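A.B. asks: Got a structure for you, written out below as structure tokens; questions coming shortly.
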Amino acid sequence: MKLWTTWIEWILREDLDGGDPTTEALIPENLRAVGEVWVRQEGVVAGAPFAHQILAYLDSTVRVDVHVPEGQWVEGGTLWMTWRGPARVLLMGERAVLNLLGHLSGIATLTRRFVEEAKRMGVEVLDTRKTLPGYRSLEKYATRVGGARNHRMDLSAGMMIKDNHLALLGGDVAGAVHRARARVPFLSQVEVEVETLKEAEEAVRAGADVLLLDNMDPEEVAEAVRRYGDRVRMEVSGGVTLDNLKAYARAGIRYVSVGRLTHAAPALDLSLELKPEGGHV
């Protein structure tokens with residue numbers, strides 16, 4: 001996956017739009033440096049392919065050596081990668097790169113925890129569109145690294161009837177399904193977000209292919225599975241945590257979509273240690 005050049009410029013501009021007078025005053029222009037990126041807590045590393053893209057945008061001579069495979073679980077105190085290049089460039093790009101790497105690794109780490117727990121119960125974890133604006137492709141990349149499957153990347157990726165669609169149609173679930181079915185090509189699926197068993201019944205009768213059981217408790221989910229499990233596919237969304245995942249699995253659900261993977265994952269703690277190349281100025 002390659003970052004758009006304009007996107008790299010956008011994230012670097014936050015720090016560099018006015019230059020870096022501290023670095024320019026203190027660091028000789030011709031000084032080259034070595035930087036070690038250390039993982040300071042256990043977790044899954046993700047985002048290494050983007051480090052070089054961002055730093056190379058500032059200077060094409062920057063070299064990034066990665067010592068840990070993408071997606072590997074590491075312990076705190078692990079050397080992840082080494083940067084080599086102009087010292088000014090490494091200093092100027094440090095915060096943008098570490099912020100991105102820490103954010104993506106945090107997402108991959110939380111995702112891995114969910115995936116490993118779900119796998120033991122035969123449940124598959126999906127992500128959502130609850131991502132930071134402008135960061136969706138990167139955050140969904142991180143959930144894939146963590147082992148989840150991407151749900152819709154954007155609004156064009158599948159027909160999904162959500163609660164606000166239904167609210168604007170007066171709650172007419174059947175009518176919404178019929179309209180969607182008339183619009184999509186043959187064999188394309190129609191998914192309906194439902195919050196009650198009554199809405200689930202209406203959606204199934206109208207010909208929905210997938211039910212998104214939103215914010216239902218495990219008992220309601222178990223009843224939905226009993227009634228409609230042999231007729232439609234179902235996924236649970238809303239309020240799924242590591243603590244209640246087992247209860248949903250026992251209810252018979254096989255898919256859970258988890259928004260917190262992207263909107264609530266804490267960043268993995270990283271640090272960059274710089275020194276002059278060759279050990280002296």
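The values are calculated or read from the model by the stated rules, or taken from the named source; none is laboratory data. On a predicted model such as this, the values are computed, not experimentally measured, just so you know. Here the Cβ is made from the backbone with ideal geometry for all residues, glycine too, and neighbour counts use every protein chain on show.
A.B. asks: Taking E195 as the residue in question, decide whether it is acidic (D, E) and in the same structural domain as R233 (by TED's automatic domain parsing). Before you say what the answer is, go through the steps one by one.
C.D. replies: Values: acidic (D, E): yes; in the same structural domain as R233 (by TED's automatic domain parsing): yes.
In short, yes.
A.B. asks: Answer yes or no: is there a residue in segment 205-216 that is over 17 Å from E117 (Cβ atoms), in contact (Cβ under 8 Å) with a residue 24 or more places away in the chain and of a type in the set (S, T, N, Q). Steps first, please.
C.D. replies: In the first step, residues of segment 205-216 are kept if they are over 17 Å from E117 (Cβ atoms); the result is 205-216.
Still in the running and in contact (Cβ under 8 Å) with a residue 24 or more places away in the chain: 205-215.
Of the ones still in play, those that are also of a type in the set (S, T, N, Q) are 215.
Yes, some residue in segment 205-216 is over 17 Å from E117 (Cβ atoms), in contact (Cβ under 8 Å) with a residue 24 or more places away in the chain and of a type in the set (S, T, N, Q).
A.B. asks: Do the conditions hold for W80, that is, is it modelled with pLDDT of 95 or more and buried (at least 19 other Cβ atoms within 10 Å of the Cβ)? Steps first, answer last, please.
C.D. replies: On the way: modelled with pLDDT of 95 or more: yes; buried (at least 19 other Cβ atoms within 10 Å of the Cβ): yes.
Spelling it out, W80 is indeed modelled with pLDDT of 95 or more and buried (at least 19 other Cβ atoms within 10 Å of the Cβ).
A.B. asks: For segment 1-33, which residues satisfy the criterion of being among the aromatic types (F, W, Y) and more than 31 Å from the chain's Cα centre (by Cα)? Step through it out loud before you land on a result.
C.D. replies: Of segment 1-33, the ones among the aromatic types (F, W, Y) are 4, 7, 10.
None; the set is empty.
A.B. asks: Got at least one residue in segment 255-275 being of a type in the set (V, I, T), within 28 Å of R179 (Cβ to Cβ) and in a helix (DSSP H, G or I)?
C.D. replies: Among the residues of segment 255-275, not one is of a type in the set (V, I, T), within 28 Å of R179 (Cβ to Cβ) and in a helix (DSSP H, G or I), which makes the answer no.
A.B. asks: Among (1) in a strand (DSSP E or B); (2) in contact with an Asp or Glu (Cβ under 9 Å, 6 or more places away or on another chain), there is one condition M234 misses while meeting the rest; what is its number?
C.D. replies: Going through (1) in a strand (DSSP E or B); (2) in contact with an Asp or Glu (Cβ under 9 Å, 6 or more places away or on another chain) one by one, M234 breaks only (2).
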